[in-house]
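*Asks:* Right, I'll just put the structure down here and ask away after.
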Amino acid sequence: MKVPFNYLNFEFKNNKKIISEWKKLIRSTDYTLGKYVYKVEKKFSEYFDCKYVIAVNSGTDALILALKSLGVKPGDEVITAANTFYATAGAIVACGAKPVLVDANDNYQIDEKLIQRHITKKTKVIIPVYWGGAIPNIKLIMKIAKKNKLKVVEDSCMAIGGKVSSKHPGTFGDIGCFSFHPLKTINAIGDAGMICTNNKKIYDWAIKYRNHGMKDRDNIDYWGVNMRMQPLQCVVVLEGLKRIDKIINIRNKNAKFLDKNLGKLKNLVKIPKRDKNNTETFALYMIRANKRNNLLKFLNNNGIEAKIHYPKPLCLQKPYLKYKQKYISKNVIKQSSELITLPVHQYLSKKQLKFIITKFFEFYKFT
Ligand SMILES: Cc1ncc(COP(=O)(O)O)c(C=O)c1O
């Protein structure tokens, strides 16, 4: 039996609605900004319950735009999670600042207890990451930021459709950043991203920076760049938004099934703690497993497309090693040899989920 990780063929199998909207868009010649971009921004601002939304080209652009809006510049330090995708640190470096990585807790999220010791006179911003679509301790991180007069940019790229109590990830800090990369919870047919904020000053600056700093067609207020979301992607993302809550609901049911059954493999498999007050998105369903590398091979050989995110963590990547580091991210390094990511997406059948369990039990010869 095949249990694929990539579900995009299923996601876009029924693409009539998208194609028909694309035909309308082509006829409209509204190819840069225009009504499709404004519609996306309006709909997502309603969904997130956040005043201002700016649609951009990617999650990476969203992070760069957010940091630039807060004035991050060469000489500054920005604190973020050691457990994250390259883009979080890459965006900091793109602004000329230094990324400072904080070790993870047992849920693979930034360990908020360790943040304070990384703060220096140069620290400007904290970027908590919703790694894998799980929830960092954002309420406590906001308190730490307030106490130290720091800004917060949430890397909620993997967390669209999640909830922290009743609020959306990305709506706690000064700015929230989102990605519609094809393997996030809402998939574009290509790249797309977004920022949200409740701060009008930040919005007014960022909306112009996204579009060359233009005040109007004939005047620029400052230098900017082109970070505009493509209207073609707006059509796709709007379709995804209609179904996101349903998608997250199915992913949560699948995750619960895996948690419950894999949890029986005590001492062999470790499931992270789930907080009933929060909703994770399971952009990545990650657990820790004994003999991880052999398990991965076994699952892959049996048609289960398990993966590792990532075998070489950010804190061990070549460009990060050149920075003088005061602290080593021990947990993240340890976790990188134990973590395994399993398919959990909304197109899995019960049979496929049961097959995953059977193969785990077979591997560990657990009866
Ligand atoms: C945590 C995190 N931040 C940022 C990004 C960057 O998003 P994008 O690929 O849309 O640029 C990703 C995407 O993989 C991500 O997982």
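The values are calculated or read from the model by the stated rules, or taken from the named source; none is laboratory data. In this text, all values refer to a predicted model and were calculated from it rather than measured experimentally. Glycine gets a Cβ as well: all are built from the backbone with ideal geometry, and neighbour counts include every protein chain shown. Accessible surface areas use protein heavy atoms only, side chains included; no ligands, DNA or RNA. Shrake-Rupley method; radii C 1.70, N 1.55, O 1.52, S 1.80 Å.
*Asks:* So if we plug the beta-carbon distance of LYS35 and TYR86 into 1/(1 + (r/R0)^6) with R0 = 45 Å, what FRET efficiency do we get, rounded to 0.05?
*Replies:* Working: r = 34 Å, r/R0 = 0.76.
Efficiency for this residue pair is about 0.85.
*Asks:* Name the aspartates and glutamates eligible as straight-distance cross-link partners of LYS260: C-alpha to C-alpha under 19 Å, and not fewer than 8 places from it in the same chain.
*Replies:* Of all the aspartates and glutamates, those that pass the test against LYS260 - Cα under 19 Å, at least 8 places apart if same chain - are ASP106, ASP275, GLU280, GLU362.
*Asks:* Here's another thing I want to ask about it. Would you work out what percent of the accessible area of the chain, with all protein chains in place, is carbon or sulfur (probe 1.4 Å)? Don't jump to the answer; show the numbers that get you there.
*Replies:* On the way: 9500 of 17660 Å².
On the chain, the fraction of accessible area on carbon and sulfur atoms equals 54 percent.
*Asks:* Based on the Cβ-Cβ distance of GLN116 and ILE333, what FRET efficiency does E = 1/(1 + (r/R0)^6) give at R0 = 25 Å, to the nearest 0.05? Let's see the in-between values first.
*Replies:* Values: r = 21 Å, r/R0 = 0.86.
Using R0 = 25 Å, I get an efficiency of 0.70.
*Asks:* With contacts defined as alpha carbon pairs under 8 Å and 6 or more residues apart, what's the relative contact order of the chain in percent?
*Replies:* Reported as a whole number, the value is 21 percent.
*Asks:* Rank these by accessible area, largest first, 1.4 Å probe: SER166, SER329. Write down the numbers at each step before the final one.
*Replies:* On the way: SER166 100, SER329 5 Å².
Result of the area sort, largest leading: SER166, SER329.
*Asks:* Within the stretch 326-367, what residues put their amide N at less than 19 Å from the label point 7 Å along the Cα-to-Cβ vector of LYS266?
*Replies:* From the stretch 326-367, the list is 361-362, 364-367.
*Asks:* Picking from ASN277, GLY263, ASN290, whose Cα lies most toward the positive end of the charge dipole for the stretch 244-364 (charges on Cβ: Lys, Arg +1; Asp, Glu -1)?
*Replies:* It is ASN290, whose Cα lies furthest towards the positive end.
*Asks:* Would you mind working out the magnitude of the charge dipole of the stretch 177-314 relative to its Cα centre, with +1 at each Lys and Arg C-beta and -1 at each Asp and Glu C-beta, to the nearest 20 Debye?
*Replies:* Details: 27 positive and 11 negative charges, 201 e Å.
Dipole about the Cα centre, nearest 20: 960 debye.
*Asks:* Right, another one. Give me the Kirkwood hydrodynamic radius of the chain in Å, from all C-alpha pairs, to one decimal place? It would help to have the intermediate numbers written out before the result.
*Replies:* On the way: mean 1/r = 0.0470 Å⁻¹.
21.3 Å is the Kirkwood radius here.
*Asks:* Here is a further query. For VAL56, enumerate residues with amide H under 5 Å from its amide H, sequence gap 5+ or separate chain, H modeled in the peptide plane.
*Replies:* Amide H to amide H, under 5 Å and 5 or more residues apart or across chains, VAL56 pairs with GLY193, MET194, ILE195, MET229.
*Asks:* What is the dipole size for the chain, taken about its Cα centre, with +1 at each Lys and Arg Cβ and -1 at each Asp and Glu Cβ, in debye to the nearest 20? List each step's numbers first, then the result.
*Replies:* Values: 66 positive and 29 negative charges, 186 e Å.
With Lys and Arg at +1 and Asp and Glu at -1, about 900 debye.
*Asks:* Considering the options ASN107, ILE247, ILE54, tell which one lies farthest towards the positive end of the dipole of the chain, charges being +1 on Lys and Arg and -1 on Asp and Glu at the Cβ, about the Cα centre.
*Replies:* ASN107
*Asks:* Would you mind calculating the gained length between ASP49 and LEU8 on full extension (0.36 nm times residue separation, minus the Cα-Cα distance), in nm to one decimal? Could the numbers behind the result be given before it?
*Replies:* Working: separation 41, 0.36 × 41 = 14.76 nm, distance 2.83 nm.
Extending this stretch completely gives an extra 11.9 nm.
*Asks:* Please calculate how many Å² of accessible area the stretch 1-140 carries per residue, with a 1.4 Å probe and no DNA, RNA or ligand atoms counted.
*Replies:* Details: 6210 Å² over 140 residues.
Counting only protein heavy atoms, the per-residue value for the stretch 1-140 is 44 Å².
*Asks:* What distance in nm lies between label points placed 7 Å from Cα along the C-beta direction at SER28 and LYS200?
*Replies:* Placing both labels 7 Å along Cα→Cβ, they lie 2.8 nm apart.
*Asks:* Report the paramagnetic label zone for LYS246: residues of the stretch 313-354 whose backbone N is under 17 Å from a point 7 Å from Cα along the Cα-to-Cβ axis.
*Replies:* Under cut-off, by backbone N: 345-349.
*Asks:* Could you state the accessible area per residue of the stretch 192-306 in Å², with a 1.4 Å probe and every protein chain left in place?
*Replies:* Numbers: 6090 Å² over 115 residues.
That works out to 53 Å² for each residue.
*Asks:* Once you charge only the Cβ atoms, +1 for Lys and Arg and -1 for Asp and Glu, what is the size of the charge dipole of the stretch 13-169 about its Cα centre, to the nearest 20 debye?
*Replies:* Numbers: 27 positive and 14 negative charges, 112 e Å.
Using Cβ point charges on Lys, Arg, Asp and Glu, the stretch 13-169 gives about 540 debye.
*Asks:* Let me ask something else. Kindly point out, ordered by number, any Cys in the chain whose beta-carbon has no other cysteine beta-carbon under 4.7 Å away.
*Replies:* Among the cysteines of the chain, those whose Cβ sits 4.7 Å or more from every other are CYS95, CYS157, CYS177, CYS234, CYS315.
*Asks:* Mind jotting down the distance between the C-alpha centroids of the stretch 332-357 and the stretch 132-168, whole Å?
*Replies:* Answer, in whole Å: 25.
*Asks:* Can you give the FRET efficiency to the nearest 0.05 for SER349 and ASP218, using r as the Cβ-Cβ distance and R₀ = 51 Å? Could the numbers behind the result be given before it?
*Replies:* Values: r = 57 Å, r/R0 = 1.12.
Step by step, r from the Cβ atoms, then E = 0.35.
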